[in-house]
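One structure is given below, encoded as C-alpha coordinates.
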Amino acid sequence: MLRTAEREAQSLIFMEDICHAYRMGEQCLSILDNISLTIRHGESCAILGSSGSGKSTLLNILGLLDRPTSGRFLLNGRDMANATPDECAGIRNRLIGFVFQNFNLLPRLSALDNVALPLRYRGYSRNQSRQFAHRQIELVGLADRLTHRPADLSGGQRQRVAIARALAGEPALILADEPTGNLDADTAQEIMGLLLELNRTQAVTLVMVTHDATLAKQLDRRLHVQSGRIIEALPTGKGRGD
Ligand code: ADP
Ligand code: MG
(Lines give C-alpha, C1' and ligand atoms only; values in the text may rest on other atoms or scores of the structure.)
(Ligands and ions follow the chains in the order given, each with its own letter.)
Protein backbone atom coordinates (compact mmCIF):
# COMPACT_ATOMS: atom_id res chain seq x y z
CA MET A 1 0.00 0.00 0.00
CA LEU A 2 1.57 3.28 -1.09
CA ARG A 3 1.51 6.26 1.24
CA THR A 4 -0.68 9.11 0.05
CA ALA A 5 2.25 11.36 -0.86
CA GLU A 6 3.78 8.64 -3.02
CA ARG A 7 0.47 7.93 -4.68
CA GLU A 8 0.05 11.62 -5.45
CA ALA A 9 3.51 11.87 -6.94
CA GLN A 10 3.17 8.75 -9.11
CA SER A 11 -0.28 9.49 -10.46
CA LEU A 12 -1.09 11.40 -13.57
CA ILE A 13 -4.45 12.30 -12.03
CA PHE A 14 -5.02 12.60 -8.33
CA MET A 15 -8.39 13.85 -7.08
CA GLU A 16 -9.45 14.00 -3.48
CA ASP A 17 -12.87 15.09 -2.24
CA ILE A 18 -13.67 16.95 -5.44
CA CYS A 19 -17.03 18.71 -5.47
CA HIS A 20 -18.52 20.62 -8.33
CA ALA A 21 -21.68 22.68 -8.41
CA TYR A 22 -23.15 24.93 -11.07
CA ARG A 23 -24.71 28.15 -9.94
CA MET A 24 -28.05 28.81 -11.64
CA GLY A 25 -29.32 32.15 -10.43
CA GLU A 26 -30.24 31.62 -6.79
CA GLN A 27 -29.82 27.87 -7.01
CA CYS A 28 -26.73 25.76 -6.62
CA LEU A 29 -26.79 22.57 -8.62
CA SER A 30 -24.48 19.98 -7.09
CA ILE A 31 -23.08 17.65 -9.77
CA LEU A 32 -19.95 16.04 -8.30
CA ASP A 33 -20.04 15.19 -4.62
CA ASN A 34 -16.73 14.33 -2.92
CA ILE A 35 -15.13 12.40 -5.71
CA SER A 36 -11.76 10.80 -5.10
CA LEU A 37 -9.96 9.30 -8.05
CA THR A 38 -6.44 8.25 -8.91
CA ILE A 39 -5.35 7.44 -12.46
CA ARG A 40 -1.82 6.29 -13.12
CA HIS A 41 0.33 6.97 -16.18
CA GLY A 42 -0.57 4.65 -19.03
CA GLU A 43 -3.95 3.50 -17.72
CA SER A 44 -7.10 3.47 -19.81
CA CYS A 45 -10.38 4.36 -18.08
CA ALA A 46 -13.96 4.42 -19.25
CA ILE A 47 -16.32 6.93 -17.66
CA LEU A 48 -19.88 5.64 -17.73
CA GLY A 49 -23.15 7.03 -16.42
CA SER A 50 -26.57 8.16 -17.51
CA SER A 51 -27.08 11.37 -19.44
CA GLY A 52 -26.72 14.41 -17.17
CA SER A 53 -24.87 12.47 -14.46
CA GLY A 54 -21.78 14.68 -14.71
CA LYS A 55 -19.40 12.79 -17.01
CA SER A 56 -18.54 15.82 -19.15
CA THR A 57 -18.28 17.96 -16.03
CA LEU A 58 -15.68 15.54 -14.67
CA LEU A 59 -13.82 15.49 -17.98
CA ASN A 60 -13.83 19.29 -18.16
CA ILE A 61 -12.25 19.48 -14.72
CA LEU A 62 -9.66 16.86 -15.68
CA GLY A 63 -8.94 18.88 -18.83
CA LEU A 64 -8.55 22.18 -16.96
CA LEU A 65 -11.49 23.63 -18.84
CA ASP A 66 -13.32 24.13 -15.56
CA ARG A 67 -12.26 24.35 -11.93
CA PRO A 68 -13.81 22.25 -9.20
CA THR A 69 -15.80 24.10 -6.56
CA SER A 70 -13.70 22.42 -3.87
CA GLY A 71 -11.28 19.57 -3.31
CA ARG A 72 -7.73 18.71 -4.22
CA PHE A 73 -6.69 18.06 -7.81
CA LEU A 74 -3.16 17.25 -8.85
CA LEU A 75 -2.31 16.80 -12.51
CA ASN A 76 1.04 15.14 -13.15
CA GLY A 77 2.04 15.97 -9.57
CA ARG A 78 1.13 19.64 -9.85
CA ASP A 79 -1.53 21.03 -7.51
CA MET A 80 -3.90 22.87 -9.82
CA ALA A 81 -5.56 24.95 -7.10
CA ASN A 82 -3.03 27.76 -7.39
CA ALA A 83 -2.48 27.63 -11.17
CA THR A 84 -3.33 30.82 -13.04
CA PRO A 85 -5.52 30.64 -16.17
CA ASP A 86 -2.37 31.14 -18.29
CA GLU A 87 -0.58 28.32 -16.51
CA CYS A 88 -3.65 26.11 -16.96
CA ALA A 89 -3.67 26.89 -20.69
CA GLY A 90 0.04 26.04 -20.92
CA ILE A 91 -0.34 22.76 -19.03
CA ARG A 92 -3.40 21.86 -21.10
CA ASN A 93 -1.43 22.53 -24.26
CA ARG A 94 1.54 20.39 -23.27
CA LEU A 95 -0.18 17.58 -21.43
CA ILE A 96 -3.65 17.01 -22.83
CA GLY A 97 -5.25 16.10 -26.13
CA PHE A 98 -9.03 16.32 -26.50
CA VAL A 99 -11.30 14.23 -28.71
CA PHE A 100 -14.99 15.14 -29.01
CA GLN A 101 -18.13 13.42 -30.24
CA ASN A 102 -18.59 15.98 -33.02
CA PHE A 103 -14.93 15.87 -34.10
CA ASN A 104 -14.69 19.70 -33.96
CA LEU A 105 -12.60 19.96 -37.12
CA LEU A 106 -12.31 23.23 -39.02
CA PRO A 107 -14.33 22.73 -42.23
CA ARG A 108 -12.22 24.90 -44.51
CA LEU A 109 -8.92 23.24 -43.65
CA SER A 110 -7.53 20.02 -45.06
CA ALA A 111 -6.96 17.05 -42.76
CA LEU A 112 -3.27 17.94 -42.72
CA ASP A 113 -3.87 21.57 -41.77
CA ASN A 114 -6.42 20.66 -39.10
CA VAL A 115 -3.68 18.63 -37.40
CA ALA A 116 -0.95 21.18 -38.10
CA LEU A 117 -2.85 24.19 -36.75
CA PRO A 118 -2.32 23.55 -33.02
CA LEU A 119 1.38 23.09 -33.74
CA ARG A 120 1.47 26.50 -35.41
CA TYR A 121 -0.06 27.94 -32.22
CA ARG A 122 2.76 26.32 -30.32
CA GLY A 123 5.26 28.29 -32.34
CA TYR A 124 6.40 25.71 -34.90
CA SER A 125 7.03 26.93 -38.43
CA ARG A 126 4.57 26.07 -41.18
CA ASN A 127 6.92 23.41 -42.57
CA GLN A 128 7.71 21.83 -39.22
CA SER A 129 4.03 21.77 -38.28
CA ARG A 130 3.07 20.12 -41.54
CA GLN A 131 5.84 17.55 -41.31
CA PHE A 132 4.87 16.61 -37.82
CA ALA A 133 1.15 16.61 -38.67
CA HIS A 134 1.92 14.33 -41.61
CA ARG A 135 3.48 11.79 -39.25
CA GLN A 136 0.51 11.92 -36.87
CA ILE A 137 -1.91 11.37 -39.75
CA GLU A 138 0.13 8.38 -40.89
CA LEU A 139 -0.08 7.01 -37.38
CA VAL A 140 -3.88 7.03 -37.53
CA GLY A 141 -3.88 5.39 -40.95
CA LEU A 142 -4.96 8.31 -43.13
CA ALA A 143 -1.83 9.07 -45.15
CA ASP A 144 -3.90 8.87 -48.36
CA ARG A 145 -6.37 11.56 -47.20
CA LEU A 146 -4.04 14.43 -46.31
CA THR A 147 -5.62 17.03 -48.58
CA HIS A 148 -9.24 16.05 -47.95
CA ARG A 149 -11.46 18.49 -46.12
CA PRO A 150 -13.67 17.16 -43.30
CA ALA A 151 -16.79 17.19 -45.52
CA ASP A 152 -15.05 14.77 -47.91
CA LEU A 153 -14.19 12.29 -45.17
CA SER A 154 -16.36 9.64 -43.50
CA GLY A 155 -17.27 9.98 -39.81
CA GLY A 156 -14.64 7.46 -38.79
CA GLN A 157 -12.00 9.23 -40.89
CA ARG A 158 -12.93 12.58 -39.34
CA GLN A 159 -12.48 11.13 -35.91
CA ARG A 160 -9.08 9.75 -36.97
CA VAL A 161 -8.05 13.26 -38.01
CA ALA A 162 -9.30 14.59 -34.65
CA ILE A 163 -7.26 11.91 -32.87
CA ALA A 164 -4.19 12.83 -34.91
CA ARG A 165 -4.75 16.45 -33.90
CA ALA A 166 -5.07 15.45 -30.24
CA LEU A 167 -1.79 13.53 -30.54
CA ALA A 168 0.11 16.28 -32.31
CA GLY A 169 1.31 17.88 -29.09
CA GLU A 170 2.51 14.47 -27.80
CA PRO A 171 0.17 14.62 -24.81
CA ALA A 172 0.45 12.41 -21.73
CA LEU A 173 -3.33 12.29 -21.50
CA ILE A 174 -6.13 11.92 -24.01
CA LEU A 175 -9.57 12.98 -22.82
CA ALA A 176 -12.28 11.71 -25.12
CA ASP A 177 -15.92 12.68 -24.60
CA GLU A 178 -18.09 10.09 -26.33
CA PRO A 179 -15.68 9.87 -29.28
CA THR A 180 -17.71 7.11 -30.92
CA GLY A 181 -21.13 8.64 -30.17
CA ASN A 182 -21.74 9.62 -33.81
CA LEU A 183 -20.34 6.47 -35.40
CA ASP A 184 -21.86 3.15 -36.37
CA ALA A 185 -20.89 0.10 -34.31
CA ASP A 186 -18.14 -1.18 -36.64
CA THR A 187 -16.54 2.25 -37.01
CA ALA A 188 -16.84 2.81 -33.26
CA GLN A 189 -14.88 -0.40 -32.68
CA GLU A 190 -12.23 0.74 -35.19
CA ILE A 191 -11.81 4.04 -33.37
CA MET A 192 -11.72 2.24 -30.03
CA GLY A 193 -9.02 -0.06 -31.44
CA LEU A 194 -7.00 2.95 -32.56
CA LEU A 195 -7.27 4.69 -29.18
CA LEU A 196 -6.25 1.49 -27.39
CA GLU A 197 -3.31 0.98 -29.72
CA LEU A 198 -2.12 4.52 -29.02
CA ASN A 199 -2.63 3.94 -25.32
CA ARG A 200 -0.37 0.88 -25.52
CA THR A 201 2.24 1.92 -28.05
CA GLN A 202 2.56 5.64 -27.28
CA ALA A 203 2.03 5.26 -23.52
CA VAL A 204 -0.78 7.81 -23.62
CA THR A 205 -3.17 7.68 -20.70
CA LEU A 206 -6.74 7.44 -21.97
CA VAL A 207 -9.86 8.65 -20.21
CA MET A 208 -12.94 8.13 -22.33
CA VAL A 209 -16.60 8.84 -21.72
CA THR A 210 -18.80 6.27 -23.42
CA HIS A 211 -22.31 4.84 -23.22
CA ASP A 212 -21.17 1.63 -24.86
CA ALA A 213 -20.53 -1.20 -22.40
CA THR A 214 -18.84 -3.31 -25.09
CA LEU A 215 -16.29 -0.57 -25.70
CA ALA A 216 -15.89 0.19 -21.99
CA LYS A 217 -15.01 -3.46 -21.30
CA GLN A 218 -11.90 -3.10 -23.44
CA LEU A 219 -10.35 -0.48 -21.16
CA ASP A 220 -8.40 -1.14 -17.98
CA ARG A 221 -10.99 0.46 -15.69
CA ARG A 222 -14.67 1.37 -15.67
CA LEU A 223 -15.81 4.29 -13.54
CA HIS A 224 -19.53 4.93 -13.18
CA VAL A 225 -20.67 8.46 -12.35
CA GLN A 226 -23.85 8.11 -10.35
CA SER A 227 -25.59 10.55 -8.00
CA GLY A 228 -22.47 12.71 -7.91
CA ARG A 229 -20.20 9.83 -6.91
CA ILE A 230 -17.84 7.53 -8.77
CA ILE A 231 -18.36 3.84 -8.45
CA GLU A 232 -15.65 1.69 -9.93
CA ALA A 233 -16.68 -1.62 -11.46
CA LEU A 234 -14.57 -4.53 -10.33
CA PRO A 235 -12.00 -5.60 -12.90
CA THR A 236 -13.45 -8.53 -14.77
CA GLY A 237 -10.81 -8.93 -17.50
CA LYS A 238 -10.50 -6.42 -20.25
CA GLY A 239 -12.15 -8.29 -23.07
CA ARG A 240 -8.87 -8.32 -24.99
CA GLY A 241 -9.05 -12.07 -25.30
CA ASP A 242 -7.73 -12.60 -21.78
P1 ADP B 1 -23.17 14.21 -18.86
O2 ADP B 1 -21.95 14.53 -19.62
O3 ADP B 1 -22.99 13.06 -17.90
O4 ADP B 1 -24.36 13.99 -19.72
P5 ADP B 1 -22.85 16.92 -17.83
O6 ADP B 1 -21.60 16.82 -17.06
O7 ADP B 1 -22.79 17.58 -19.15
O8 ADP B 1 -23.53 15.46 -17.93
O9 ADP B 1 -23.92 17.69 -16.98
C10 ADP B 1 -24.28 17.30 -15.67
C11 ADP B 1 -25.42 18.18 -15.18
O12 ADP B 1 -24.94 19.51 -15.01
C13 ADP B 1 -26.59 18.27 -16.13
O14 ADP B 1 -27.76 18.24 -15.35
C15 ADP B 1 -26.42 19.59 -16.81
O16 ADP B 1 -27.65 20.14 -17.14
C17 ADP B 1 -25.71 20.42 -15.76
N18 ADP B 1 -24.79 21.39 -16.36
C19 ADP B 1 -23.75 21.11 -17.19
N20 ADP B 1 -23.08 22.21 -17.53
C21 ADP B 1 -23.70 23.23 -16.90
C22 ADP B 1 -23.48 24.65 -16.84
N23 ADP B 1 -22.46 25.23 -17.50
N24 ADP B 1 -24.32 25.37 -16.07
C25 ADP B 1 -25.31 24.80 -15.40
N26 ADP B 1 -25.58 23.48 -15.40
C27 ADP B 1 -24.78 22.70 -16.14
MG1 MG C 1 -21.60 14.71 -21.66
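The values are calculated or read from the model by the stated rules, or taken from the named source; none is laboratory data. On a predicted model such as this, the values are computed, not experimentally measured, just so you know. Cβ atoms come from the backbone with ideal geometry, glycine included; neighbour counts cover every protein chain shown. Areas reflect the complete protein model, heavy atoms only, side chains present, ligands, DNA and RNA absent. Shrake-Rupley method; radii C 1.70, N 1.55, O 1.52, S 1.80 Å.
Solvent-accessible surface (1.4 Å probe) assigned to Thr84 amounts to roughly 60 Å². Of the residues Pro68, Pro85, Pro118, the one that moves most in a GNM of the chain with alpha-carbon contacts below 10 Å is Pro85.
Ligands, DNA and RNA left out, the 1.4 Å accessible surface of the chain is 47% carbon and sulfur atoms. Springs join every pair of Cα atoms under 10 Å in this Gaussian network model of the chain, and among Leu119, Leu29, Leu48 the largest mean-square fluctuation is at Leu29. A 1.4 Å probe over all protein chains sorts Arg120, Arg222, Arg92, Arg78 by accessible area into Arg120, Arg78, Arg92, Arg222, starting with the largest. For the stretch 96-108, backbone phi angles converted through the Karplus equation (6.51, -1.76, 1.60; θ = phi - 60°) give residue-by-residue couplings of 10, x, 10, 10, 10, 4, 9, 6, 6, 8, 7, x, 7 Hz, Gly and Pro being listed as x. Placing unit charges on the Cβ atoms only, positive for Lys and Arg and negative for Asp and Glu, gives the chain a dipole magnitude near 540 debye about its Cα centre. The listed residues Lys55, Lys217 rank as Lys217, Lys55 when sorted by accessible area, largest first, using a 1.4 Å probe.
Label the chain by shape, choosing from rounded, prolate and oblate, from the square roots a ≥ b ≥ c of the eigenvalues of the Cα gyration tensor; if a/c is under 1.5 it is rounded, and otherwise prolate applies when a/b is larger than b/c, oblate when it is not. Mind showing how you got there, number by number?
Working: a/c = 1.63, a/b = 1.39, b/c = 1.17.
Prolate.
222 nm [θ] for the chain, helices only, -39500 (n - 2.57) per DSSP H run of 4+, per residue, to 500? Result for the chain: -10500 deg cm²/dmol, rounded to the nearest 500. Please find, in a Gaussian network model of the chain (springs between Cα atoms separated by less than 10 Å), the residue of Gln27, Gln157, Gln218 whose mean-square fluctuation is greatest. Greatest mean-square fluctuation among the candidates belongs to Gln27.
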